[in-house]
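What follows is calculated from the coordinates using simple rules that are stated; it is not laboratory data. Owing to the predicted nature of the structure, the values given are computational and were not obtained by experimental measurement. All Cβ positions, even for glycine, are placed from backbone atoms using ideal geometry, and neighbour counts span all protein chains on display.
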Amino acid sequence: MTFQNPILSGMYPDPSICRNGEDYFLVTSSFEYFPALPIFHSRDLVHWQQIGHGIDRPEQMILDIQRPSSDNGTYAPTIRFFEGWFYLICTVVRSEGVSGNFVVKTRDPFSGWSQPIWMPEVDGIDPSLFFEDGKVYLTASRYRPLEGIDWHCEVYLQQLDPMTLQPISEAQVLTDGAIKNATAAEAPHIYKRDEKYYLFISEGGTAHQHAVTVFRADVITGPYQVCPQNPILTHRHLGQNFPIVGVGHADWVETQNGECWMVCLGMRPYGGYHYNLGRETFLVPMIWEDGWPVVSAGHGRILPEYPKPNLPEYIHLAQHNSLQQSVKNRTGFGETLGLEWNFLRTPTQAWWSLLERPGSLSLNLLPAQLSEHCNVAFIARRQQHMNFHSSVTLEFEPSLETECAGMVLFYSDEFHFRFVKTAHTLELIQRKAGQESSLAKIECHASTVTLEISAVGQEYRFVFALEGVKHTLATVNGSMLSAATAGGFVGTYIGLYASSNGIPSSNTAHFTDFAYHRD
């Protein structure tokens, strides 16, 4: 029996994993999206079910980012279990309301997480925790300028107070990378195995040059010896036409049966060097030889398919029900918003409702537009497949010329497509590098219309249906919806949107029968 990579498709970058008995938990970055830090559960490392978010309440954190989107917000979390507690440590980058490193914790990841414990004296990004003999250690990465090196970083170690989780020692630098003049030594994790301490990091930057390197020491403070096989995982030598690129940012876990498995991020380019799905989570086997880890032994690269871990297959009930549904897998809207849905930044006012019309998602029209760096009437889910079909029925009667509502294919505030109904038209608007253009427009006065977005590779089709008759408004190339073009660290989202474009409005748009499925 085999499994397919990636194990989490779509924008699930910077994975971290831990185990408690037979239960495995995984978390990924989410940047400007709220709820933040999606949490997954598995018992076989192959089938993962999202069970919540580390940050899911506005009182925990207001992500109020007044900068261009796609590279700000919650970065690179680490999840760990120790003596009955789960710890989730992370960094918030460039948020006006809060920034810096924090910890949330829980005894039960299925039941939510605590208020953040802020760590104002902890420097840098990509923090990780290591527990031993009643002591708590933090590793993190911090920028240290060095002439001739692009984005030079150093990984450091600091001891924390077990109760307050605040630093009680000076920071000690462990490495600035295994390779001379390495770029961006980041994502550090410390583990202990056979009385040795192992430090895993990533270096080369989280793009094509990404790599995983490893060190070991006899004591946690070092000195750390460089693995002679470094980098132990990279795809940078395989070229831009390889199906998986940019692999790195790894964490690993040992199963109850003694196997070791690594999770890491990677990208799958298609239609050229464009990876619209963003950085995804992959699972790779790892063994030990002569006291050093060997990743994907016999291959030296991530394969699209591996034999399954030696664990009993475990499919969550919700996943089982989903597999039994038809190909169209309609999700609709119930009494609560599904865990797959995100807001852009933390919503600070009640502009959406599932109760106004049961079975519908109602969005109040806010003056804010998607190009603005503020809270916007926009709710979205990840694009998770290269070929997909998505649709929604919109009921909307504009009362002002400036009002619009519809679907959005979104990468960032500077790169997206808006497929919207206005007072008299249906229109497809492209925003590329901050410049807007109308790609297609047709007269439309109906109050109810079904909107569809589908993709076959980089070809995205925008379709509308009136009284059951479908019409194609436009077909476009979507390759701009990728970090390779647009920058940043995220992936493409499919969203529902409403705006009065700068004019106060009391109007509401209603969305029903949302569907997303892989084609």
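Hey, does segment 94-113 have a residue that's surrounded by 14 or more Cβ atoms within 10 Å (Cβ to Cβ), closer than 19 Å to D23 by Cα and aromatic (F, W, Y)?
yes
Those residues that are assigned to a strand (DSSP E or B), in contact (Cβ under 8 Å) with a residue 60 or more places away in the chain, on the phi > 0 side of the Ramachandran plot and touching a Pro at 6+ places or on another chain (Cβ under 8 Å), I need them from segment 25-65; list them, please.
The one that is assigned to a strand (DSSP E or B), in contact (Cβ under 8 Å) with a residue 60 or more places away in the chain, on the phi > 0 side of the Ramachandran plot and touching a Pro at 6+ places or on another chain (Cβ under 8 Å): G52.
Restricting attention to segment 219-250, which residues are touching a residue at least 60 places away in the same chain (Cβ under 8 Å), surrounded by fewer than 23 Cβ atoms within 10 Å (Cβ to Cβ) and not in a loop (DSSP other than H, G, I, E, B)?
If the condition is that a residue be touching a residue at least 60 places away in the same chain (Cβ under 8 Å), surrounded by fewer than 23 Cβ atoms within 10 Å (Cβ to Cβ) and not in a loop (DSSP other than H, G, I, E, B), then L238 is the only one that fits.
Among the numbered conditions (1) within 21 Å of V284 (Cβ to Cβ); (2) among the aliphatic types (A, V, I, L, M); (3) surrounded by fewer than 24 Cβ atoms within 10 Å (Cβ to Cβ), tell me where V27 comes up short.
Every listed condition holds for V27 apart from (3).
Looking at segment 155-206, which of its residues are under 24 Å from G266 (Cα atoms), among the hydrophobic types (A, V, I, L, M, F, W, C) and crowded, with 17+ Cβ neighbours inside 10 Å?
Matches in segment 155-206: V155, A178, A182, A184, A185, A187, I190, L199, F200, I201.
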